[in-house]
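Here is the structure we will look at.
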Amino acid sequence: MSEPLLEVKRLKTYFPIKKGLLNRTTGYVKAVDDVSITIRPGETFGLVGESGSGKSTVGRTIVRLTDKTDGQVLFKGADLHALSPQDIRRIRPRLQLIFQDPYSSLNPRIRIGDAIGEALLDHGLSDAGNVRDQVKEILEACGLSVAHIDRFPHEFSGGQRQRIGIARALVLNPDLIIADEPVSALDVSIQAQIINLFKRQQQQRGLSYLFISHDLSVVEHLCNRIGVMYLGSMVETASRDDLFRNPLHPYTKALLSAVPLPIPKLKRERIVLQGDIPSPVNPPAGCKFHTRCPWAQEVCSQQVPEYRNAGSDHWVACHLV
Ligand code: SF4
(Lines give C-alpha, C1' and ligand atoms only; values in the text may rest on other atoms or scores of the structure.)
Protein backbone atom coordinates (compact mmCIF):
# COMPACT_ATOMS: atom_id res chain seq x y z
CA MET A 1 0.00 0.00 0.00
CA SER A 2 1.36 3.48 -0.90
CA GLU A 3 2.40 5.99 1.76
CA PRO A 4 -0.40 8.36 2.87
CA LEU A 5 -0.52 11.73 1.15
CA LEU A 6 -2.48 13.30 3.99
CA GLU A 7 -2.74 12.10 7.57
CA VAL A 8 -4.98 13.97 9.97
CA LYS A 9 -4.33 12.60 13.43
CA ARG A 10 -6.73 13.23 16.32
CA LEU A 11 -7.36 16.79 15.16
CA LYS A 12 -9.09 19.21 17.52
CA THR A 13 -10.17 22.74 16.66
CA TYR A 14 -11.77 24.64 19.53
CA PHE A 15 -12.87 28.28 19.39
CA PRO A 16 -12.76 30.12 22.73
CA ILE A 17 -15.91 31.92 23.94
CA LYS A 18 -14.93 35.26 25.48
CA LYS A 19 -17.18 37.16 27.86
CA GLY A 20 -17.20 40.14 30.22
CA LEU A 21 -15.15 43.30 30.50
CA LEU A 22 -11.96 41.31 30.96
CA ASN A 23 -12.70 39.24 27.90
CA ARG A 24 -12.26 36.03 29.88
CA THR A 25 -12.56 32.64 28.16
CA THR A 26 -15.71 31.06 29.58
CA GLY A 27 -15.86 27.99 27.37
CA TYR A 28 -15.08 26.56 23.96
CA VAL A 29 -16.96 25.75 20.78
CA LYS A 30 -15.59 22.29 19.99
CA ALA A 31 -15.98 22.53 16.22
CA VAL A 32 -13.62 19.60 15.54
CA ASP A 33 -13.12 17.10 18.33
CA ASP A 34 -10.69 14.24 17.75
CA VAL A 35 -10.97 13.62 14.01
CA SER A 36 -8.58 11.34 12.08
CA ILE A 37 -8.43 10.93 8.30
CA THR A 38 -5.96 9.19 5.96
CA ILE A 39 -5.84 9.85 2.21
CA ARG A 40 -3.49 7.99 -0.12
CA PRO A 41 -2.37 9.19 -3.59
CA GLY A 42 -5.20 8.96 -6.12
CA GLU A 43 -7.89 8.45 -3.44
CA THR A 44 -10.97 10.51 -2.73
CA PHE A 45 -12.18 10.76 0.85
CA GLY A 46 -15.73 12.04 1.33
CA LEU A 47 -16.49 13.90 4.55
CA VAL A 48 -20.23 14.17 5.20
CA GLY A 49 -22.53 15.45 7.90
CA GLU A 50 -25.24 18.04 8.50
CA SER A 51 -24.51 21.73 8.56
CA GLY A 52 -22.77 22.45 11.88
CA SER A 53 -21.05 19.06 12.07
CA GLY A 54 -17.59 20.67 11.77
CA LYS A 55 -16.63 19.21 8.39
CA SER A 56 -15.73 22.59 6.81
CA THR A 57 -13.61 23.46 9.87
CA VAL A 58 -11.65 20.23 9.27
CA GLY A 59 -10.85 21.44 5.72
CA ARG A 60 -9.93 24.94 6.87
CA THR A 61 -7.73 23.61 9.69
CA ILE A 62 -5.88 21.27 7.33
CA VAL A 63 -4.83 24.17 5.08
CA ARG A 64 -4.11 26.40 8.11
CA LEU A 65 -6.86 28.94 7.43
CA THR A 66 -7.80 28.09 11.03
CA ASP A 67 -5.41 27.20 13.87
CA LYS A 68 -5.61 23.73 15.40
CA THR A 69 -6.02 23.18 19.12
CA ASP A 70 -4.45 19.73 19.17
CA GLY A 71 -3.51 16.83 16.91
CA GLN A 72 -1.41 16.71 13.76
CA VAL A 73 -1.83 17.34 10.04
CA LEU A 74 0.83 15.56 8.00
CA PHE A 75 1.06 16.29 4.28
CA LYS A 76 3.63 14.07 2.52
CA GLY A 77 5.05 13.49 6.01
CA ALA A 78 5.49 17.23 6.79
CA ASP A 79 3.65 18.59 9.84
CA LEU A 80 1.77 21.49 8.22
CA HIS A 81 1.08 23.34 11.48
CA ALA A 82 4.76 23.26 12.44
CA LEU A 83 6.11 24.66 9.14
CA SER A 84 7.52 28.16 8.79
CA PRO A 85 5.56 30.67 6.63
CA GLN A 86 8.21 30.22 3.89
CA ASP A 87 7.82 26.44 3.87
CA ILE A 88 4.01 26.73 3.87
CA ARG A 89 4.24 29.05 0.88
CA ARG A 90 6.44 26.49 -0.91
CA ILE A 91 3.98 23.67 -0.21
CA ARG A 92 0.78 25.70 -0.88
CA PRO A 93 0.50 24.92 -4.65
CA ARG A 94 0.49 21.17 -3.83
CA LEU A 95 -2.55 21.56 -1.56
CA GLN A 96 -5.49 23.54 -2.87
CA LEU A 97 -8.89 24.48 -1.46
CA ILE A 98 -12.05 24.96 -3.53
CA PHE A 99 -15.00 26.76 -1.94
CA GLN A 100 -18.76 26.32 -2.32
CA ASP A 101 -19.11 29.80 -3.77
CA PRO A 102 -16.12 30.55 -6.02
CA TYR A 103 -17.63 33.97 -6.76
CA SER A 104 -16.71 35.14 -3.27
CA SER A 105 -13.05 34.24 -3.87
CA LEU A 106 -12.92 35.94 -7.31
CA ASN A 107 -12.19 39.65 -7.50
CA PRO A 108 -15.09 41.09 -9.56
CA ARG A 109 -12.72 43.62 -11.19
CA ILE A 110 -10.14 41.05 -12.37
CA ARG A 111 -10.58 39.17 -15.64
CA ILE A 112 -10.68 35.42 -15.14
CA GLY A 113 -7.55 34.85 -17.26
CA ASP A 114 -5.61 37.14 -14.92
CA ALA A 115 -7.24 35.61 -11.82
CA ILE A 116 -6.10 32.12 -12.88
CA GLY A 117 -2.67 33.27 -14.07
CA GLU A 118 -1.77 35.35 -11.00
CA ALA A 119 -1.32 32.27 -8.79
CA LEU A 120 1.08 30.78 -11.35
CA LEU A 121 3.14 33.96 -11.44
CA ASP A 122 2.94 34.43 -7.68
CA HIS A 123 4.43 30.99 -7.03
CA GLY A 124 7.05 31.33 -9.78
CA LEU A 125 5.43 28.52 -11.81
CA SER A 126 5.23 30.56 -15.00
CA ASP A 127 6.47 33.78 -16.58
CA ALA A 128 4.84 36.63 -18.46
CA GLY A 129 5.61 34.97 -21.81
CA ASN A 130 3.92 31.64 -21.07
CA VAL A 131 1.22 32.31 -18.50
CA ARG A 132 -1.57 33.06 -21.00
CA ASP A 133 -1.00 29.79 -22.86
CA GLN A 134 -1.05 27.84 -19.59
CA VAL A 135 -4.31 29.55 -18.59
CA LYS A 136 -5.90 28.73 -21.96
CA GLU A 137 -4.86 25.10 -21.59
CA ILE A 138 -6.47 24.79 -18.15
CA LEU A 139 -9.64 26.61 -19.28
CA GLU A 140 -10.08 24.05 -22.04
CA ALA A 141 -9.37 21.15 -19.66
CA CYS A 142 -12.14 22.48 -17.39
CA GLY A 143 -14.68 22.79 -20.23
CA LEU A 144 -14.50 26.59 -20.52
CA SER A 145 -14.07 28.48 -23.78
CA VAL A 146 -10.69 30.16 -24.28
CA ALA A 147 -12.64 32.99 -25.93
CA HIS A 148 -13.88 33.89 -22.42
CA ILE A 149 -10.40 34.45 -20.99
CA ASP A 150 -10.89 38.24 -20.78
CA ARG A 151 -14.36 38.14 -19.25
CA PHE A 152 -15.17 39.23 -15.69
CA PRO A 153 -16.58 36.84 -13.05
CA HIS A 154 -20.12 38.30 -13.19
CA GLU A 155 -20.40 37.29 -16.86
CA PHE A 156 -20.42 33.57 -15.95
CA SER A 157 -23.13 31.22 -14.65
CA GLY A 158 -22.82 29.40 -11.29
CA GLY A 159 -21.58 26.21 -12.97
CA GLN A 160 -19.02 28.12 -15.06
CA ARG A 161 -17.76 29.96 -11.96
CA GLN A 162 -17.22 26.64 -10.23
CA ARG A 163 -15.24 25.50 -13.27
CA ILE A 164 -13.14 28.67 -12.91
CA GLY A 165 -12.57 27.79 -9.23
CA ILE A 166 -11.45 24.30 -10.23
CA ALA A 167 -9.23 25.71 -13.01
CA ARG A 168 -7.56 28.07 -10.50
CA ALA A 169 -6.74 25.13 -8.26
CA LEU A 170 -5.68 22.75 -11.05
CA VAL A 171 -3.38 25.20 -12.82
CA LEU A 172 -0.94 24.87 -9.88
CA ASN A 173 -0.75 21.11 -10.48
CA PRO A 174 -1.68 20.12 -6.88
CA ASP A 175 -1.45 16.66 -5.32
CA LEU A 176 -4.52 17.19 -3.13
CA ILE A 177 -7.63 19.32 -3.54
CA ILE A 178 -9.93 19.99 -0.61
CA ALA A 179 -13.33 20.75 -2.12
CA ASP A 180 -15.78 22.22 0.38
CA GLU A 181 -19.39 21.73 -0.82
CA PRO A 182 -18.28 22.49 -4.39
CA VAL A 183 -21.58 21.50 -6.04
CA SER A 184 -24.14 22.34 -3.32
CA ALA A 185 -25.22 25.62 -4.89
CA LEU A 186 -25.63 24.14 -8.38
CA ASP A 187 -28.57 22.57 -10.27
CA VAL A 188 -28.58 18.77 -10.35
CA SER A 189 -27.62 18.57 -14.05
CA ILE A 190 -24.71 21.00 -13.53
CA GLN A 191 -23.68 19.05 -10.40
CA ALA A 192 -23.22 15.94 -12.56
CA GLN A 193 -21.04 17.87 -15.03
CA ILE A 194 -18.80 19.23 -12.27
CA ILE A 195 -18.49 15.80 -10.61
CA ASN A 196 -17.49 14.33 -13.98
CA LEU A 197 -14.89 17.10 -14.32
CA PHE A 198 -13.45 16.20 -10.90
CA LYS A 199 -13.33 12.51 -11.91
CA ARG A 200 -11.73 13.17 -15.29
CA GLN A 201 -9.04 15.38 -13.79
CA GLN A 202 -8.33 12.73 -11.16
CA GLN A 203 -7.85 10.07 -13.83
CA GLN A 204 -5.58 12.30 -15.91
CA ARG A 205 -3.49 13.78 -13.09
CA GLY A 206 -3.58 11.13 -10.35
CA LEU A 207 -5.05 13.73 -7.98
CA SER A 208 -6.44 13.08 -4.50
CA TYR A 209 -9.49 14.84 -3.09
CA LEU A 210 -10.97 15.54 0.29
CA PHE A 211 -14.56 16.10 -0.79
CA ILE A 212 -16.74 17.80 1.84
CA SER A 213 -20.50 17.59 1.41
CA HIS A 214 -23.75 17.38 3.37
CA ASP A 215 -25.13 15.12 0.64
CA LEU A 216 -24.27 11.40 0.64
CA SER A 217 -25.65 10.93 -2.87
CA VAL A 218 -23.00 13.36 -4.16
CA VAL A 219 -20.03 11.69 -2.45
CA GLU A 220 -21.26 8.25 -3.55
CA HIS A 221 -20.21 8.95 -7.14
CA LEU A 222 -16.73 10.19 -6.36
CA CYS A 223 -15.31 8.74 -3.15
CA ASN A 224 -13.31 5.61 -2.24
CA ARG A 225 -13.77 6.13 1.49
CA ILE A 226 -16.34 8.09 3.41
CA GLY A 227 -16.27 9.56 6.92
CA VAL A 228 -19.46 10.68 8.66
CA MET A 229 -19.20 13.53 11.18
CA TYR A 230 -21.65 14.51 13.88
CA LEU A 231 -21.16 17.50 16.18
CA GLY A 232 -17.42 17.73 15.62
CA SER A 233 -16.64 14.00 15.92
CA MET A 234 -16.24 11.22 13.40
CA VAL A 235 -18.94 8.61 14.05
CA GLU A 236 -18.25 6.21 11.17
CA THR A 237 -15.59 5.67 8.47
CA ALA A 238 -15.64 2.94 5.84
CA SER A 239 -15.09 2.23 2.18
CA ARG A 240 -17.90 3.64 0.05
CA ASP A 241 -19.31 0.19 -0.79
CA ASP A 242 -19.23 -0.93 2.83
CA LEU A 243 -20.87 2.22 4.07
CA PHE A 244 -23.70 2.12 1.53
CA ARG A 245 -24.25 -1.64 1.85
CA ASN A 246 -23.86 -1.96 5.58
CA PRO A 247 -24.11 1.32 7.51
CA LEU A 248 -23.54 0.65 11.22
CA HIS A 249 -24.08 3.96 13.00
CA PRO A 250 -27.70 5.12 13.48
CA TYR A 251 -26.81 8.61 12.24
CA THR A 252 -25.34 7.20 9.00
CA LYS A 253 -28.47 5.03 8.60
CA ALA A 254 -30.65 8.13 8.94
CA LEU A 255 -28.58 10.08 6.37
CA LEU A 256 -28.64 7.13 3.96
CA SER A 257 -32.39 6.66 4.31
CA ALA A 258 -32.82 10.06 2.63
CA VAL A 259 -30.71 9.08 -0.42
CA PRO A 260 -32.95 8.11 -3.38
CA LEU A 261 -32.39 4.60 -4.76
CA PRO A 262 -31.45 4.22 -8.44
CA ILE A 263 -34.60 2.19 -9.14
CA PRO A 264 -37.54 4.42 -8.09
CA LYS A 265 -39.79 1.41 -7.28
CA LEU A 266 -37.39 0.29 -4.53
CA LYS A 267 -37.92 2.15 -1.30
CA ARG A 268 -35.85 2.46 1.87
CA GLU A 269 -37.52 3.00 5.18
CA ARG A 270 -37.03 6.71 5.90
CA ILE A 271 -35.54 7.52 9.31
CA VAL A 272 -36.52 11.06 10.24
CA LEU A 273 -34.35 12.51 12.98
CA GLN A 274 -36.11 14.61 15.59
CA GLY A 275 -34.80 18.05 16.55
CA ASP A 276 -31.80 20.03 15.39
CA ILE A 277 -28.14 19.29 15.83
CA PRO A 278 -27.28 20.43 19.44
CA SER A 279 -24.93 23.33 20.10
CA PRO A 280 -21.21 22.40 20.02
CA VAL A 281 -20.76 24.83 22.97
CA ASN A 282 -22.52 22.43 25.27
CA PRO A 283 -22.72 19.04 23.52
CA PRO A 284 -24.75 16.22 25.10
CA ALA A 285 -22.84 13.97 27.53
CA GLY A 286 -22.04 10.38 26.57
CA CYS A 287 -22.80 9.73 22.91
CA LYS A 288 -23.35 13.17 21.37
CA PHE A 289 -26.08 11.69 19.17
CA HIS A 290 -28.20 10.27 22.01
CA THR A 291 -30.67 13.19 22.06
CA ARG A 292 -31.77 12.34 18.51
CA CYS A 293 -30.99 8.62 18.21
CA PRO A 294 -34.06 6.36 17.74
CA TRP A 295 -32.15 3.45 19.37
CA ALA A 296 -30.64 5.28 22.38
CA GLN A 297 -30.21 3.24 25.59
CA GLU A 298 -29.49 4.37 29.13
CA VAL A 299 -25.74 3.84 28.71
CA CYS A 300 -25.71 6.20 25.72
CA SER A 301 -26.19 9.34 27.82
CA GLN A 302 -23.56 8.20 30.35
CA GLN A 303 -20.61 6.83 28.40
CA VAL A 304 -18.82 8.05 25.29
CA PRO A 305 -18.78 5.12 22.83
CA GLU A 306 -15.31 4.03 21.75
CA TYR A 307 -14.44 4.62 18.09
CA ARG A 308 -13.42 1.12 17.02
CA ASN A 309 -12.75 -1.05 14.02
CA ALA A 310 -15.78 -3.26 13.43
CA GLY A 311 -13.82 -5.27 10.81
CA SER A 312 -12.51 -4.64 7.27
CA ASP A 313 -11.32 -1.15 8.24
CA HIS A 314 -14.91 -0.11 9.02
CA TRP A 315 -14.79 2.22 12.04
CA VAL A 316 -17.77 3.18 14.16
CA ALA A 317 -18.57 4.84 17.50
CA CYS A 318 -21.76 3.28 18.88
CA HIS A 319 -22.52 1.22 21.99
CA LEU A 320 -24.81 -1.06 19.97
CA VAL A 321 -22.14 -2.16 17.47
FE1 SF4 B 1 -27.49 5.76 19.39
FE2 SF4 B 1 -26.43 4.95 21.66
FE3 SF4 B 1 -25.28 4.28 19.39
FE4 SF4 B 1 -25.19 6.80 20.26
S5 SF4 B 1 -24.24 5.01 21.22
S6 SF4 B 1 -25.64 6.13 18.21
S7 SF4 B 1 -27.20 6.99 21.19
S8 SF4 B 1 -27.30 3.65 20.08
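Among the residues of the range 11-33, those that are buried (at least 16 other Cβ atoms within 10 Å of the Cβ) and of a type outside the set (A, V, I, L, M, F, W, C) comprise Lys12, Thr13, Tyr14, Tyr28, Lys30, Asp33.
Look at (1) over 23 Å from Glu43 (Cα atoms); (2) touching a residue at least 60 places away in the same chain (Cβ under 8 Å); (3) surrounded by 18 or more Cβ atoms within 10 Å (Cβ to Cβ) and you find that Val281 fails only one, number (3). Before we move on, is Ile178 in contact (Cβ under 8 Å) with a residue 24 or more places away in the chain and under 15 Å from the mean Cα position of the chain (by Cα)? It is true that Ile178 is in contact (Cβ under 8 Å) with a residue 24 or more places away in the chain and under 15 Å from the mean Cα position of the chain (by Cα). With respect to (1) aliphatic (A, V, I, L, M); (2) surrounded by fewer than 19 Cβ atoms within 10 Å (Cβ to Cβ); (3) within 16 Å of the ligand (Cβ to nearest atom); (4) touching a residue at least 40 places away in the same chain (Cβ under 8 Å), the lone exception for Met229 is condition (2). Residues of the range 168-197 that are within 24 Å of Ser36 (Cα to Cα) and either of a type in the set (Asp, Glu) or surrounded by 21 or more Cβ atoms within 10 Å (Cβ to Cβ) (or both): Asp175, Leu176, Ile177, Ile178, Ala179, Asp180, Glu181, Pro182. Can Gln303 be described as within 16 Å of the ligand (Cβ to nearest atom) and at pLDDT below 95? The answer is no for Gln303.
The rows are residues; the columns are (1) within 12 Å of Arg168 (Cβ to Cβ); (2) surrounded by 15 or more Cβ atoms within 10 Å (Cβ to Cβ).
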{"residue": "Ile88", "(1), (2)": "no, yes"}
{"residue": "Arg111", "(1), (2)": "no, yes"}
{"residue": "Ile116", "(1), (2)": "yes, yes"}
{"residue": "Ala128", "(1), (2)": "no, no"}
{"residue": "Arg132", "(1), (2)": "no, yes"}
{"residue": "Ile138", "(1), (2)": "yes, yes"}
{"residue": "Ala147", "(1), (2)": "no, no"}
{"residue": "Asp150", "(1), (2)": "no, no"}
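Tell me whether the range 281-299 contains one or more residues that are within 19 Å of Ala31 (Cα to Cα), polar (S, T, N, Q) and away from the ligand (no atom under 14 Å from the Cβ). There is at least one residue in the range 281-299 that is within 19 Å of Ala31 (Cα to Cα), polar (S, T, N, Q) and away from the ligand (no atom under 14 Å from the Cβ).
Of all residues in the range 291-320, those satisfying the criterion of being farther than 15 Å from Met234 by Cα and open to solvent by 40 Å² or more (accessible area, probe 1.4 Å) are Thr291, Pro294, Trp295, Ala296, Gln297, Glu298, Val299, Ser301, Gln302, Gln303, Ser312, Leu320.
The values are calculated or read from the model by the stated rules, or taken from the named source; none is laboratory data. Quantities reported herein were computed from a predicted structural model and do not represent experimental measurements. For neighbour counting, all protein chains shown are included, and Cβ atoms are generated from backbone atoms with ideal geometry for every residue, glycine included. Keep in mind that these areas ignore ligands, DNA and RNA; they rest on the heavy atoms of the full protein, side chains included. Shrake-Rupley method; radii C 1.70, N 1.55, O 1.52, S 1.80 Å.
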